[in-house]
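As structure tokens, the structure follows; a few thoughts come after it.
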Amino acid sequence: MSCRDGVAIKENDTLVKDQTDPVVKSFLRALKIRSSGDYHLFDEAHQTPIEGTQYGLRYGNFTDADSVATYLQAHDSTCVPKISWLRVIHSGHDSLDSASRTPQLFAAEAKAFQQDYNACHKEKATSLKDLIPELDKSASRCLVVEADGPQLKVISWDDLAAFHARHIMSSIDLMDRYLEHIWGVPDQATAMMTQMSQLFGKTQIFPLAMNEVPVDDKHKGLNELYFATMQNLLASNPEKVMAIDWIEATKEKKQMKPPAVLPEPEEWFDPPYPFGTAYYYGHRNHLKNNHPDLEKLTKLKELCPLDGGICLDYSEKKYGKNPTVAQAIEAFGPLADLDTHVMYKVLDSAYDNPTEYIAMGERISKIIPGELFFVAMYCVLHNEDEKAAKFYERGIELSKNEVEISNSCDWLVNYYYSHGQKEKALQLANRVAEVYSGIGLYTQARLYERMNELDKSEVVLNQALERYGDIMRPRLAAFYIRNADKKKEYAEKAAKMTKEFFPDGMTKFNLADLHEAPKKGVQVTNSAKYLETRGLFNDRIIVGLNGYKTDNVPQFNVVQYLSLNPDIKTTYWDGTKYSESLVKTVICNRMNIGIRDYPLNTAK
């Protein structure tokens, strides 16, 4: 558990040979699942709670949180306490489904904390509020000094209190992240964090629950509390702060006016890892004093072969940014057969070979059926429409996640409509909108517009705006601008929203008119393989789409959605010259690219 899995696997195999005690054998099986990562070793028919949680932990880490939740619904896992499974689910990768469970997680953590307190004390607590001071306990060693003298306790109440403190803070942090970034309801996130700060704000460890709160004027009160309490925590108990929390805090301190005063994490994390371990490599590789070369990475990989971050850095040091499939499989070792996120890395290596790419995609889909949607998108981008339609249909058939289906099927709706299958298109559009995801609603609105039912389209777009706020405004603006000649009220709304996004009006241009380096535009921050084949690497400056200037991200988004044609002519600056590229989009005319304003607007 200290990131020495490579050592643990060997020790485990040696220990298990001479064991007959079923309890010890169960622990060793659980440790084998954990250290090898091989969730296939799990025997559900003869499981114990510890084996169940280790299976769930690895399965969730290597697939996604939804896969664990699906497993729980399909299998009898009642021998494992609900709180353990909730923790396991939330240790996996984020999803809308896991997000819906975060209020359950916080309530379960609070209940478990109170239950353990009452089990350890004669005087019973009747509410969580009474126990809040207990959250500042620090883990003890085995010898504990109590009122009647020193006592030998393998697990003391202080240990349990510190354990529960971390889980409670983590559950608050998760709620904030899901509200702010996954559900997209920042006002609710702020209200929730304000309420939690009133309840827990005086505890020493509360800053660890505030990692996702944006540092800006809107959150000034929460920001001041965060930096003040983090400063106190680092001064009194730095051992309670994980590397990633410390690193992020020191990055954000500069945004405060005046800047917060925090020590640099390298003053504490030196050397970066405890000797002989790869402890939390994914966090500590962001430290300024951590620059492992290939030799060091090779040793770290031997210690912890299941750490995807180590394997990725090892691969890049040895093979560069674009390894072959064979090189990627060598670099990631057993993870290439277990971890779907690693399988995606191997998938990237196969991008230029459609046969290998589709085969690898289908392999992943046996674990995560939703991967079939990505295989379908790959086929679309490579002009294999009939194959794409079949993969989409298989994805819909096999996926158990309606949100995933809702967010993936805009292309198939258009494909049905364009191929004379209007009823199938409408049926699918209604299904994806029923989930009430932003993309699902927009998919339905776009179909209504293609069917010339503009009133219905407008209603759905406004429903999406009401639910998802400003993120939907560029799409509504594009609708009015595109249909300004259809109705007087559309023309009026188009004029108003054009003024909102383009104060100086929408400006057309020709490539031949561009000569000097751009002063405004949007900078690519997160590209993808397909976009790179179109010249859109990271740091390119996009200055226009479809012949319209786009000086900032909001303008980019309006023009991106302005046409119903999925092909978008993109004009960009590569550092020396301007070029144009035709980019095919797959879902709702989104280019699926990370961008930010250029130059970056840092004004508060």
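Residue check: is residue 595 of a type in the set (Val, Ile, Thr), open to solvent by 20 Å² or more (accessible area, probe 1.4 Å), in a strand (DSSP E or B) and touching a strand residue (DSSP E or B) at 6+ places or on another chain (Cβ under 6 Å)?
Answer is yes for this residue.
For residue 436, only one of the following conditions fails: (1) part of a helix (DSSP H, G or I); (2) open to solvent by 60 Å² or more (accessible area, probe 1.4 Å). What is its number?
(1)
Here are some residues: 38, 21, 43. Which one is surrounded by fewer than 18 Cβ atoms within 10 Å (Cβ to Cβ) and modelled with pLDDT of 90 or more?
None of the others qualify; the one that does is 21.
How do the pairs read when you match residues in region 493-516 that are in a strand (DSSP E or B) with residues anywhere that are not hydrophobic (A, V, I, L, M, F, W, C), using Cβ under 9 Å and keeping only pairs 6 or more apart or on different chains?
Pairs that qualify, where the first residue is in a strand (DSSP E or B) and the partner is not hydrophobic (A, V, I, L, M, F, W, C), are 508/544; 508/547; 508/548; 508/549.
Let me spell it out: the conditions are (1) surrounded by 20 or more Cβ atoms within 10 Å (Cβ to Cβ); (2) over 27 Å from residue 138 (Cβ atoms); (3) at pLDDT 95 or above, and residue 194 meets all of them except one. Which number is the exception?
(1)
Okay, residues lined up against (1) out of contact with any Asp or Glu (no Cβ under 9 Å at 6 or more places or on another chain); (2) among the charged types (D, E, K, R):
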| site | (1), (2) |
| --- | --- |
| 414 | yes, no |
| 431 | no, yes |
| 434 | no, yes |
| 465 | yes, no |
| 471 | yes, no |
| 483 | no, no |
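Determine which member of the set 187, 130 is out of contact with any Cys (no Cβ under 6 Å at 6 or more places or on another chain) and under 30 Å from residue 438 (Cα atoms).
Being out of contact with any Cys (no Cβ under 6 Å at 6 or more places or on another chain) and under 30 Å from residue 438 (Cα atoms) holds for just one of 187, 130, which is 187.
May I ask you to verify whether residue 160 is modelled with pLDDT under 90 and on the phi < 0 side of the Ramachandran plot?
So residue 160 fails the test.
Is there a residue being among the polar types (S, T, N, Q) and under 35 Å from the mean Cα position of the chain (by Cα) anywhere in region 504-519?
Among the residues of region 504-519, not one is among the polar types (S, T, N, Q) and under 35 Å from the mean Cα position of the chain (by Cα), which makes the answer no.
Of a type outside the set (Lys, Arg), open to solvent by less than 60 Å² (accessible area, probe 1.4 Å), touching an Asp or Glu at 6+ places or on another chain (Cβ under 6 Å) and not in a loop (DSSP other than H, G, I, E, B) - does that describe any residue in region 569-585? Walk me through how you get there before you give the answer.
From region 569-585, those of a type outside the set (Lys, Arg) are 570-576, 578-583, 585; that's our starting set.
When the remaining residues are screened for being open to solvent by less than 60 Å² (accessible area, probe 1.4 Å), the result is 570-575, 578-579, 581, 583, 585.
Those left that are additionally touching an Asp or Glu at 6+ places or on another chain (Cβ under 6 Å): 571.
Still in the list and also not in a loop (DSSP other than H, G, I, E, B): 571.
Yes; the residues of region 569-585 include at least one that is of a type outside the set (Lys, Arg), open to solvent by less than 60 Å² (accessible area, probe 1.4 Å), touching an Asp or Glu at 6+ places or on another chain (Cβ under 6 Å) and not in a loop (DSSP other than H, G, I, E, B).
Could you check residue 563 against (1) crowded, with 22+ Cβ neighbours inside 10 Å; (2) of a type in the set (S, T, N, Q); (3) modelled with pLDDT under 95 and say which number it fails?
That leaves (1) as the condition not met.
Give me the pairs, please: first residue somewhere in region 1-26 and under 14 Å from residue 306 (Cβ atoms), second residue anywhere and hydrophobic (A, V, I, L, M, F, W, C) and in a loop (DSSP other than H, G, I, E, B), beta-carbon distance under 6 Å, and either six or more positions apart or on two chains.
Close Cβ pairs (under 6 Å, with a partner that is hydrophobic (A, V, I, L, M, F, W, C) and in a loop (DSSP other than H, G, I, E, B)) amount to 3/278; 3/304; 5/304; 5/306.
With respect to residue 53, determine if the residue is modelled with pLDDT of 80 or more and in contact with a Ser or Thr (Cβ under 6 Å, 6 or more places away or on another chain).
Yes.
Condition first: out of contact with any helix residue (DSSP H, G or I) (no Cβ under 9 Å at 6 or more places or on another chain), within 20 Å of residue 167 (Cα to Cα) and open to solvent by 10 Å² or more (accessible area, probe 1.4 Å). Can you find one or more residues in region 248-262 that meet it? Steps first, answer last, please.
Narrowing region 248-262 to residues out of contact with any helix residue (DSSP H, G or I) (no Cβ under 9 Å at 6 or more places or on another chain): 248, 251, 254, 257-258.
Filter once more, so that each one left must be within 20 Å of residue 167 (Cα to Cα): 248.
So of that shortlist, the ones also open to solvent by 10 Å² or more (accessible area, probe 1.4 Å) come out as 248.
Yes, region 248-262 contains a residue that is out of contact with any helix residue (DSSP H, G or I) (no Cβ under 9 Å at 6 or more places or on another chain), within 20 Å of residue 167 (Cα to Cα) and open to solvent by 10 Å² or more (accessible area, probe 1.4 Å).
Within region 446-490, can you find the residues that are open to solvent by 10 Å² or more (accessible area, probe 1.4 Å), of a type outside the set (A, V, I, L, M) and more than 25 Å from residue 586 (Cβ to Cβ)?
Once the filter is applied, which keeps residues that are open to solvent by 10 Å² or more (accessible area, probe 1.4 Å), of a type outside the set (A, V, I, L, M) and more than 25 Å from residue 586 (Cβ to Cβ), region 446-490 yields 455, 462, 466, 485, 486, 487, 488, 489.
For the subset of region 159-178 comprising residues that are in contact (Cβ under 8 Å) with a residue 60 or more places away in the chain and touching a helix residue (DSSP H, G or I) at 6+ places or on another chain (Cβ under 7 Å), which member is farthest from residue 242 (Cα to Cα)?
Looking at the filtered set, the residue picked out is 178.
Do you know which residues across region 216-247 are open to solvent by 80 Å² or more (accessible area, probe 1.4 Å), more than 26 Å from residue 161 (Cβ to Cβ) and hydrophobic (A, V, I, L, M, F, W, C)?
Answer for region 216-247, where residues must be open to solvent by 80 Å² or more (accessible area, probe 1.4 Å), more than 26 Å from residue 161 (Cβ to Cβ) and hydrophobic (A, V, I, L, M, F, W, C): there is none.
Select from region 18-42 the residues that are of a type in the set (Phe, Trp, Tyr) and more than 8 Å from residue 55 (Cα to Cα) and list them in ascending order.
Result: 27, single match.
Residue pairs, Cβ under 6 Å, 6 or more apart or interchain, first in region 360-384 and open to solvent by 30 Å² or more (accessible area, probe 1.4 Å), second in a helix (DSSP H, G or I). List them.
Pairs found: 367/340; 369/398; 381/530.
Go through region 473-492 and give me each residue that's among the small types (Gly, Ala, Ser) and touching a residue at least 12 places away in the same chain (Cβ under 8 Å).
The answer is 477, 478.
Could you tell me whether residue 427 is part of a helix (DSSP H, G or I), in contact (Cβ under 8 Å) with a residue 12 or more places away in the chain and under 23 Å from residue 401 (Cα atoms)? So that I can check it myself, show each step before the final result.
Working: part of a helix (DSSP H, G or I): yes; in contact (Cβ under 8 Å) with a residue 12 or more places away in the chain: no; under 23 Å from residue 401 (Cα atoms): yes.
So residue 427 does not fit the description; no.
Do we find that residue 275 is assigned to a loop (DSSP other than H, G, I, E, B), out of contact with any helix residue (DSSP H, G or I) (no Cβ under 8 Å at 6 or more places or on another chain) and under 23 Å from residue 139 (Cα atoms) in this structure?
It is true that residue 275 is assigned to a loop (DSSP other than H, G, I, E, B), out of contact with any helix residue (DSSP H, G or I) (no Cβ under 8 Å at 6 or more places or on another chain) and under 23 Å from residue 139 (Cα atoms).
Looking at 558, 586, 524, which one is among the hydrophobic types (A, V, I, L, M, F, W, C), at pLDDT 95 or above and more than 22 Å from residue 438 (Cα to Cα)?
524
I'm trying to understand the selection: among the residues of region 197-215, which are of a type outside the set (A, V, I, L, M), in contact (Cβ under 8 Å) with a residue 12 or more places away in the chain and open to solvent by 20 Å² or more (accessible area, probe 1.4 Å)?
197, 202, 204, 211, 212, 214
Just checking, how many residues over region 104-163 are of a type in the set (Val, Ile, Thr) and open to solvent by 40 Å² or more (accessible area, probe 1.4 Å)?
Selection size over region 104-163: 4.
Within the group 166, 101, which residue is closer than 27 Å to residue 55 by Cα and open to solvent by 60 Å² or more (accessible area, probe 1.4 Å)?
166 is the lone residue from the list that is closer than 27 Å to residue 55 by Cα and open to solvent by 60 Å² or more (accessible area, probe 1.4 Å).
The values are calculated or read from the model by the stated rules, or taken from the named source; none is laboratory data. This one's a predicted model, so the numbers in the text were calculated from it and none came from an experiment. Cβ coordinates were reconstructed from backbone atoms using ideal geometry, including for glycine residues, and neighbour counts include every protein chain displayed. Protein only, heavy atoms only, side chains kept; ligands, DNA and RNA dropped before computing areas. Shrake-Rupley method; radii C 1.70, N 1.55, O 1.52, S 1.80 Å.
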